[in-house]
Amino acid sequence: MEQRIGGRIGIEIRTIMSKELGQEGLTILNEVCTKHNIRLENISPGAIMQLVTSLNRTIKEKHGFHKGEEITKKIQKLKALVDLEGVAKDDRSDTGRRKLVNAYVNMGNVCSATGEFDEAETYYRRALNITQNFDYKLKESEALRNTAHIYKETKRWEDAERYYNKSISLGEKTGNAIGMADAYRGLGYIGYTQGRYDKSLECYNLAVEFAEKTRDRDTIGTAYIDMGMVYSDTGDMDKTIEQFEKAIPILEEVRNHQQVSRAYNNLGDTHLQREEWDKAIEDFDKCREVASIIQHERYVAWSLFNAGEALAKSGNPEQAIKNSLEAIEILERIKDDIGALASYRVLFIAYGLKKNWKEAEENFEKAKSFLETGKSPMNEGHLYLEWGNTLALKGDEKESKTFLIKARDIFKRIGANKFLKKAETALGEE
C-alpha cells in the first residue's frame, strides 16, 4: 500500500495556489482534486504527481505556459522536500546511502528548475560528497552534469565546462549514452555562446551520436536546431536551413511543440537574414501558431518581434512597432531580457525608417540597457550593427561608422562571417 504523506503538504499546496492565482487558484485546485478523487489532507506521493500533471495542464490553458510551469515546479519542490525529509540521514547501508543521494539530486533538480541555483548547487554537492566515496557512478555523473547546467545558466563558463567534462569521463566508464548526449549539448552551447563554433559543432554532433544510441528523438531534433544556430552565425545559410528542416519533422513526431516553435522561429530568422521577407513572416506565423497550442508566451513574443523586423524592412514599420510593443509586454512579464533587447532593437529600426529619431534613440538606449543581462558577443554586435545602419539613415556618418566598426570587430573576433560581411558592406569595405 502506498505511503501517505499527511496534511502538511496539502496545506502548502493550497497556499501556493492562493498566492499565485487568488481565489481562482483554490477553485482550480478543488476542481482537479474532485476530478481525480484526491484528498489533500491524506495525499500519497503518486497522487501528488497526478495532481501536478493535471494542474499544469489546466493552468496553462487559462494562464499560459510559463505560469503553469512556475506553479507546478513549486509543488514539485514541496514533494521533493517531503521525500528528502523521509530519508534517514544516518542510515549507513548501501540502500540508505543510495536513497539519500537520489533525494539530494532530486531536490537539486527541482531547485534548479525554479531558478534557486545556490540551493540546487548545495544539494548536488551533498550528493557528490557521498557518491565520490562510494561506487555510485551513475548518480555522481548526473550530479556533476546538473551542477554544470547551473554554472551554464549563471554564465560560469569555465566551471560549467569542467563539470561537463567530469560527467563525460564518468559516462564513458558507465556507458550512459543519455547523460553523455546531455553533457555534450551543454558543451556545445558554451562553445556557441563564446564564439568557438568548431568546438560547438563537434560537441553537438557528439550529442546526436549518443542520442541515436538510445533513439532519443527529442535530443536529436533539439541538437539539430542547436547546430543550425551555429551555422547561422558562421554564415553557412544552406546548412542552417538544412539543420532546421531536419529538426522539424523529428520534433513534430514526438509532439515537442516547444522545440518545433523554436525551429520555425530560427528558420524564419534565416530567411530574414537572406532578406526573404515573405518566407520569414510565414515561418514566424507558423512559430506563433505552434507556440499558441501550448500557450508558450516566449515563442509567441519572439515570433512577433522577429516578424516585426521583416515587416519593418519590407516597408511596414507601423505594424512592426505594434508587433514589438505586444512582444515587449509579454517578455517583460516573463523576464526574458534577451527577447526584450531584440524587441527594442526592432523598435529603433522601425522608428528610424519612419525618421522619428527621438523614438529611435530612446529605444536604442533601452535595448542597450539589456546588454548587461542579455549580453553575448552576438547580441552586442547585432545591436551595434543595426544602430550603425540607423545612424547612417539619419545622416550621422561619424557616429554610424563608430558603431559599425564596433560591430565589425566583434563579428571578426568570434568568426560570425554572415554578420561580418554585413558590417563590412555597411562600412564600404567589401
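Structural remarks
- Exactly one residue among 38, 9 is over 27 Å from residue 335 (Cα atoms), at pLDDT 85 or above, over 29 Å from the mean Cα position of the chain (by Cα) and surrounded by 16 or more Cβ atoms within 10 Å (Cβ to Cβ), and that residue is 38.
- Of all residue pairs spaced 6 or more apart or on separate chains, those with beta-carbon atoms under 6 Å, a first member in the range 390-401 that is surrounded by fewer than 16 Cβ atoms within 10 Å (Cβ to Cβ) and a second member that is in a helix (DSSP H, G or I) are 393/352; 394/357; 399/391.
- Of the residues contained in the range 190-210, one or more are found to be under 17 Å from the mean Cα position of the chain (by Cα), aliphatic (A, V, I, L, M) and part of a helix (DSSP H, G or I).
- In the range 283-299, the residues that are modelled with pLDDT of 95 or more and either surrounded by fewer than 24 Cβ atoms within 10 Å (Cβ to Cβ) or touching a strand residue (DSSP E or B) at 6+ places or on another chain (Cβ under 9 Å) (or both): 285, 286, 288, 289
- Residue count for the range 41-53, restricted to those that are among the hydrophobic types (A, V, I, L, M, F, W, C) and either exposed (fewer than 14 other Cβ atoms within 10 Å of the Cβ) or touching a Lys or Arg at 6+ places or on another chain (Cβ under 6 Å) (or both): 2
- Pair list, Cβ under 7 Å, 6 or more apart: the range 214-234 residue not in a helix (DSSP H, G or I), other residue not basic (Lys, Arg): 214/177; 214/178; 216/178; 216/181
- Note on the range 392-430: among residues that are of a type in the set (S, T, N, Q) and under 29 Å from residue 196 (Cβ atoms), the one that is modelled with the lowest pLDDT is 417.
- Condition check for residue 330: in a helix (DSSP H, G or I), without any contact (Cβ under 8 Å) to a residue 24 or more places away in the chain, more than 19 Å from residue 313 (Cβ to Cβ) and hydrophobic (A, V, I, L, M, F, W, C): no
- Residue satisfying condition, being under 30 Å from residue 301 (Cα atoms), acidic (Asp, Glu) and in contact (Cβ under 8 Å) with a residue 24 or more places away in the chain, within set 41, 70: 70
- One residue from 135, 83, 118, 91 being within 21 Å of residue 43 (Cβ to Cβ) and among the acidic types (Asp, Glu): 83
- One residue stands out among those in the range 107-161 that are acidic (Asp, Glu) and not in a helix (DSSP H, G or I): the one that is farthest from residue 93 (Cα to Cα), which is 116.
- Enumeration of residues in the range 224-270 that are closer than 25 Å to residue 311 by Cα, in contact with an Asp or Glu (Cβ under 7 Å, 6 or more places away or on another chain) and not hydroxyl-bearing (Ser, Thr, Tyr): 260, 267, 268
- Test for residue 320: is it under 17 Å from the mean Cα position of the chain (by Cα) and either surrounded by 23 or more Cβ atoms within 10 Å (Cβ to Cβ) or not in a helix (DSSP H, G or I) (or both): no
- Of all residues in the range 158-181, those that are within 20 Å of residue 220 (Cβ to Cβ) and without any contact (Cβ under 8 Å) to a residue 60 or more places away in the chain have Cβ atoms under 6 Å from Cβ atoms of residues that are surrounded by fewer than 15 Cβ atoms within 10 Å (Cβ to Cβ) and not aliphatic (A, V, I, L, M), 6 or more apart or on another chain, in 177/213; 177/214; 178/214.
- Residue among 345, 298 that alone is among the basic types (Lys, Arg), closer than 25 Å to residue 380 by Cβ and more than 16 Å from the chain's Cα centre (by Cα): 345
The values are calculated or read from the model by the stated rules, or taken from the named source; none is laboratory data. Only a predicted model underlies this, so the values are computations on that prediction, with no experimental measurement involved. Cβ sites come from the backbone with ideal geometry, for glycine too, and all protein chains shown count toward neighbours.
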